[in-house]
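Notes for the one structure printed next.
The values are calculated or read from the model by the stated rules, or taken from the named source; none is laboratory data. Since we're looking at a predicted model, the values are computed, not measured. Cβ placement follows ideal geometry from the backbone for every residue including glycine, while neighbour counts extend to all protein chains displayed. Side chains included, ligands, DNA and RNA excluded: accessible areas come from the protein's heavy atoms. Shrake-Rupley method; radii C 1.70, N 1.55, O 1.52, S 1.80 Å.
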Amino acid sequence: MSMRSLRPPRIPSQLAEEDGTSRGDSYSHSLLRGDFSGQSREDTFVEQSRIVQAQFTGALLSRSRMTDVVVENSDFSGAELDEAAVERVEFRDCRLSGAIFSRCSFRDVRFVGCRINEANFRMSQMTHVRFEDVDLRGSDFYAATMESTSFFDCDLTNAEFTKASIPDVRFHGSTLLDLKGAEYLTGAIIESSQVLPIALAVLAALRIRIDDEREPPETVRKMGH
């Protein structure tokens, strides 16, 4: 596994401002602001641009491509980005609750201080991706493939990892309570304080019960007669 640093977005200093009234499907060297909520912008291409204080709530963005983009203080709650290709993109202080990222390709992507609870990352491909201080409670990584990926100081309570492939993925500082599919964390790297919650999740997944009584209750009752 390569431990190189994430490649940052490459954005020019001069950007042309666009807002929610624009109906284009391609944006280059742009500054996107405004309300795009509920719009259908499938197959949209955004490159070398910034998205700042924009709303894409419930927008249809399937098969979109984002390359060399910084997204700040924007809302993608409930947006559908199925099969999107995201490369050299940074999300900062964004809300992506319930967003659909299934079957997406992520490369050199960073999420910082974002709320991505209940999001769908099913069958996505992640290479050199970092989540930092992110709310990922209840998010779904079913059958996702992750390489050179880290979850630092994130809340992954009740997240789903069934059939995920996560060799050498790092979870340092993250909350790992009530994980689903914990038995699929083969090759993951955790810190010592995370041993107990991971162990309990694995035991639950394997249906192993903890019971200090040597005899089952029924046997004890029979012996009492």
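Remarks
- Computed extension length for E132-D43: 29.2 nm, one decimal, from 0.36 nm per residue of separation with the Cα-Cα distance subtracted.
- These residues, R4, R214, R95, go from largest to smallest accessible area, 1.4 Å probe, as R214, R95, R4.
- For the stretch 27-150: rounded, prolate or oblate by the Cα gyration tensor [a/c cutoff 1.5]: rounded
- Summary of the geometry: the stretch 187-219 and the stretch 70-93, compared by the centres of their Cα atoms, lie 37 Å apart.
- Other residues with beta-carbon under 11 Å from the beta-carbon of S28 carry, at +1 per Lys or Arg and -1 per Asp or Glu, a net charge of -3.
- Applying the Karplus relation 6.51 cos²θ - 1.76 cosθ + 1.60 with θ = phi - 60° to the stretch 152-160 yields 3J(HN,Hα) values of 9, 6, 9, 9, 10, 3, 6, 6, 9 Hz, where x marks Gly and Pro.
- Exposure rank, largest accessible area first [S148, S193; 1.4 Å]: S193, S148
- If only the Cβ of Lys and Arg carry +1 and only the Cβ of Asp and Glu carry -1, the dipole of the chain around its Cα centre is close to 380 debye.
- In Å², nearest 10: area of L179 left accessible to a 1.4 Å probe: 20
- Over the stretch 122-225, Cα pairs under 8 Å with separation of 6+ residues give a relative contact order of 19 percent.
- Length-normalised contact order of the chain in % [C-alpha pairs under 8 Å, at least 6 apart]: 10
- Percent RCO, i.e. relative contact order, over the stretch 1-129, from Cα pairs under 8 Å lying at least 6 residues apart: 18
- Accessible surface, the stretch 27-140, averaged per residue in Å² (probe 1.4 Å): 37
- The separation of the stretch 124-179 from the stretch 1-47, counted between C-alpha centres, amounts to 25 Å.
- In this calculation the C-beta distance from Q14 to F152 is compared with R0 = 30 Å, giving a FRET efficiency of 0.35.
- Two-site FRET efficiency, D25 against V112, from Cβ-Cβ distance with R₀ of 25 Å, rounded to 0.05: 0.35
- Accessible surface of the chain, 1.4 Å probe, proportion on carbon and sulfur as whole %: 45
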